[in-house]
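J.: Before I ask anything, here is the structure I am working with.
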Amino acid sequence: MLGRLDDYFRPQETALSLRSQRQEVLASNIANNDTPGYKARDFDFKKSFEAALQKNPVKPLAATDARHLQPKDSVDPLSKALLYRNPRQSGIDGNTVDMNAEMAAFTDNAIRYQAGITFMQKKVEGLRSALTGQ
């Protein structure tokens, strides 16, 4: 029974966790807006979410020849494989933070996080009403 409840809530829990982590990354970008040489970071939420829901998210590459390069280490999707953003225009000091883009991404992520919490509350309310028979 508890395993089914875990499976029922796992996607929403994973999404909220990743949204929270992404919010921290975006806040870091915004905080470093004036830091010379700072490179804006982010991660692909969709890919991280899909990989986190799979049981075995990281598959080794198939090497068909001994001369193929092997990866040095595999990336855990929950480690928020941070990527550098492609700047539209970097500053003279090498900073790639675009405040308009960062604020838009920050706001979008915050709204999606709040929606995730609302969905989670509705799921709990639905279970509660099913258990109480109301």
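The values are calculated or read from the model by the stated rules, or taken from the named source; none is laboratory data. The model shown is predicted, which means the values in this text are computed figures rather than measured ones. Here the Cβ is made from the backbone with ideal geometry for all residues, glycine too, and neighbour counts use every protein chain on show. Remember, those area values only see protein heavy atoms, side chains included, never the ligands or the DNA or RNA. Shrake-Rupley method; radii C 1.70, N 1.55, O 1.52, S 1.80 Å.
J.: Contact list please: Cβ distance under 8 Å, first residue in the stretch 94-108 and free of Cβ contacts under 8 Å to residues at least 60 places away in the same chain, second residue of a type in the set (G, A, S) and part of a loop (DSSP other than H, G, I, E, B), pairs at least six apart or on different chains.
T.: Going by the 8 Å Cβ cut-off, the qualifying pairs are G94/G37; T96/A40; T96/S90; D98/A40.
J.: Next question, about the same structure. Which of the residues spanning the stretch 98-121 are within 21 Å of Y38 (Cα to Cα) and in a helix (DSSP H, G or I)? Full working, then the answer.
T.: Filtering the stretch 98-121 for residues within 21 Å of Y38 (Cα to Cα) gives 98-106.
M99, N100, A101, E102, M103, A104, A105, F106 - these are the residues of the stretch 98-121 that are within 21 Å of Y38 (Cα to Cα) and in a helix (DSSP H, G or I).
J.: When you scan the stretch 94-124, how many residues do you find that are out of contact with any Gly (no Cβ under 6 Å at 6 or more places or on another chain) and over 26 Å from P11 (Cβ atoms)? Reasoning before the result, please.
T.: At the first step, the residues of the stretch 94-124 found to be out of contact with any Gly (no Cβ under 6 Å at 6 or more places or on another chain) are 95-124.
Among the residues that remain, those that are also over 26 Å from P11 (Cβ atoms) are: 95-103.
Count: 9.
J.: A further question on this structure: Tell me, which residue of the stretch 14-31 that is touching a helix residue (DSSP H, G or I) at 6+ places or on another chain (Cβ under 7 Å) and within 10 Å of A105 (Cβ to Cβ) is surrounded by the fewest Cβ atoms within 10 Å (Cβ to Cβ)?
T.: That would be I30.
J.: Next question. Any residue at all in the stretch 99-107 that's among the hydroxyl-bearing types (S, T, Y) and either at pLDDT below 90 or surrounded by 13 or more Cβ atoms within 10 Å (Cβ to Cβ) (or both)?
T.: Applying the first criterion (among the hydroxyl-bearing types (S, T, Y)) to the stretch 99-107 yields 107.
Applying the additional criterion that residues be either at pLDDT below 90 or surrounded by 13 or more Cβ atoms within 10 Å (Cβ to Cβ) (or both) yields none.
Checking the stretch 99-107: not a single residue is among the hydroxyl-bearing types (S, T, Y) and either at pLDDT below 90 or surrounded by 13 or more Cβ atoms within 10 Å (Cβ to Cβ) (or both).
J.: Taking the options P36, P11, name whichever one is part of a helix (DSSP H, G or I) and either open to solvent by 40 Å² or more (accessible area, probe 1.4 Å) or under 30 Å from I92 (Cβ atoms) (or both).
T.: Values: P36 fails: part of a helix (DSSP H, G or I).
Exactly one of P36, P11 is part of a helix (DSSP H, G or I) and either open to solvent by 40 Å² or more (accessible area, probe 1.4 Å) or under 30 Å from I92 (Cβ atoms) (or both), namely P11.
J.: Let me ask something else about it. Of the residues that make up the stretch 50-66, is at least one modelled with pLDDT under 80, surrounded by fewer than 15 Cβ atoms within 10 Å (Cβ to Cβ), not hydrophobic (A, V, I, L, M, F, W, C) and not in a loop (DSSP other than H, G, I, E, B)? Steps first, please.
T.: Residues of the stretch 50-66 that are modelled with pLDDT under 80, as a first pass: 55-66.
With the extra rule that they be surrounded by fewer than 15 Cβ atoms within 10 Å (Cβ to Cβ), the set shrinks to 55-56, 58-66.
If we keep only those that are not hydrophobic (A, V, I, L, M, F, W, C) as well, we get 55-56, 59-60, 64-65.
Now restrict to residues that are not in a loop (DSSP other than H, G, I, E, B): none.
The answer is no, given that none of the residues of the stretch 50-66 is modelled with pLDDT under 80, surrounded by fewer than 15 Cβ atoms within 10 Å (Cβ to Cβ), not hydrophobic (A, V, I, L, M, F, W, C) and not in a loop (DSSP other than H, G, I, E, B).
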